[in-house]
Amino acid sequence: MNKRKIGSAYEDQAADYLTASGYEILERNFRCKIGEIDLIAAVRTGSVRWIVFTEVKYRTTDMYGRPEEAVTAAKQKTIRRAAQFYLQKNHLPADTPCRFDVIAIMAGEIRHLKGVF
């Protein structure tokens, strides 16, 4: 299987995990000239509806580090800028509650790291 198909399979796993956890998937593989966001979801916490921009990372082993360590400062900056573009494109107010999460998958374990950047 090529890397794109493998990545898609892990993104499917992450989307299923989020859906089972009460999230609504709004977009998958959102692309714009600035960059890409793997999953964009919405979740309600009390009376607040959050837009959650999620990066999915996977590793088969931790030989080269944990999956979340691959979300570098440069990658975070790109995701933030792409998220701003998404909000504008969808006519959402600048003060829309947003969060940046990472779903790390390794050895069959899914870890959902909320608000990590």
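Numbers below:
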{"item": "Residue among A94, A107 that is modelled with pLDDT under 95 and within 17 Å of Y17 (Cβ to Cβ)", "result": "A107"}
{"item": "Selected residue [buried (at least 17 other Cβ atoms within 10 Å of the Cβ) and either more than 15 Å from V116 (Cβ to Cβ) or of a type in the set (V, I, T) (or both)] from V48, V71", "result": "V71"}
{"item": "Among (1) assigned to a strand (DSSP E or B); (2) surrounded by fewer than 16 Cβ atoms within 10 Å (Cβ to Cβ) - the single one V116 does not satisfy", "result": "(1)"}
{"item": "So K89, is it over 19 Å from T19 (Cβ atoms), surrounded by fewer than 12 Cβ atoms within 10 Å (Cβ to Cβ) and among the charged types (D, E, K, R)", "result": "yes"}
{"item": "Per-region count, region 73-92, residues assigned to a helix (DSSP H, G or I) and more than 12 Å from I51 (Cα to Cα)", "result": "13"}
{"item": "Scope region 48-70; condition at pLDDT 95 or above and polar (S, T, N, Q); matching residues", "result": "T54"}
{"item": "Output for region 93-108, where each listed residue is over 12 Å from K57 (Cα atoms), assigned to a strand (DSSP E or B) and not basic (K, R)", "result": "C98, F100"}
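The values are calculated or read from the model by the stated rules, or taken from the named source; none is laboratory data. Quick caveat, the model's predicted, so the values are computed rather than measured. In this analysis, Cβ positions are derived from the backbone assuming ideal geometry, glycine residues included, and neighbour counts consider all displayed protein chains.
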